[in-house]
1. Are there any pairs with C-beta distances below 8 angstrom linking a residue in segment 96-123 that is closer than 12 Å to Met67 by Cβ to a residue that is of a type in the set (Asp, Glu) and crowded, with 17+ Cβ neighbours inside 10 Å, with the two at least 6 apart or on different chains, and if so which?
2. Arg127 - would you say it is charged (D, E, K, R), closer than 30 Å to Lys3 by Cβ and in contact (Cβ under 8 Å) with a residue 12 or more places away in the chain?
3. Mind checking which residues of segment 66-102 are within 22 Å of Lys52 (Cα to Cα) and either basic (Lys, Arg) or out of contact with any Ser or Thr (no Cβ under 6 Å at 6 or more places or on another chain) (or both)?
4. Name every residue in segment 38-58 that is over 15 Å from Ser133 (Cα atoms) and either among the acidic types (Asp, Glu) or in contact (Cβ under 8 Å) with a residue 40 or more places away in the chain (or both), in order of residue number.
5. For segment 92-143, enumerate the residues that are charged (D, E, K, R) and under 12 Å from the mean Cα position of the chain (by Cα).
6. Give segment 57-74 a look and list any residue that's surrounded by fewer than 21 Cβ atoms within 10 Å (Cβ to Cβ) and under 30 Å from Thr142 (Cα atoms), or say none.
7. Sort out which residues of segment 42-55 are in a helix (DSSP H, G or I) and either surrounded by fewer than 19 Cβ atoms within 10 Å (Cβ to Cβ) or more than 10 Å from the chain's Cα centre (by Cα) (or both), and write them in order of number.
8. Among the candidates Ile63, Ile115, Ile89, Ile111, which residue alone is touching a helix residue (DSSP H, G or I) at 6+ places or on another chain (Cβ under 7 Å) and modelled with pLDDT under 95?
Amino acid sequence: MDKLTKKTVITISSIVATTLIGQFLNVEPIGLFYTAITCVIITNVDFEELIKTSKFRAIGTLIGGVMGIIFSYIPLFLILKIIIGEILIILFCEKKLNIPSAIASVVFLIIVYKITPEPSYIYGFKRVFDTFSGIFITLVITYTLKRF
């Protein structure tokens, strides 16, 4: 199987698996959406590269989730939360951890902007769980299909 075909099969299989499992567990559509996005973003035919991008995605999501939850409860103007939070995320991810800061920033902003009526800590926990679920399923499917 060529690389493009393999990547297509892995991506679609991961999305279908996460969707079916999520529907079986009555996961909300937004949770299915974030899990599917994770599958799309991290999928790679090269298993070693997949491990690397999965690690970056997991760490970034965790950092953005924790920072978003913390900052959502700090009584500051929204614009100050964004400025301070983004500075800390970019410096910590890029300088300290040497990982891309984009995912951490996205998760942070989603939580701080409060795009859902749920409490920030519940929403943040759900997004981290969705991401880790997508990573796990994609890793399992890629590992299983790498023999073909």
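The values are calculated or read from the model by the stated rules, or taken from the named source; none is laboratory data. Treat the numbers as computed from the prediction; the structure is a model and nothing was measured. Virtual Cβ from ideal backbone geometry, glycine too; neighbours counted across all protein chains shown.
1. Hits for this filter: Ser105/Glu86; Phe108/Glu86.
2. Against the criterion (charged (D, E, K, R), closer than 30 Å to Lys3 by Cβ and in contact (Cβ under 8 Å) with a residue 12 or more places away in the chain), Arg127 does not qualify.
3. Across segment 66-102, the qualifying residues are Val66, Leu91, Phe92, Lys95, Lys96, Leu97, Asn98, Ile99, Pro100, Ser101, Ala102.
4. Asn44, Val45, Asp46, Phe47, Glu48, Glu49
5. Scanning segment 92-143 gives Lys126, Arg127, Asp130.
6. Ala58, Ile59, Leu62, Val66, listed by residue number.
7. Listed by number, the residues that qualify are Phe47, Glu48, Glu49, Leu50, Ile51, Lys52, Thr53, Lys55.
8. Ile111
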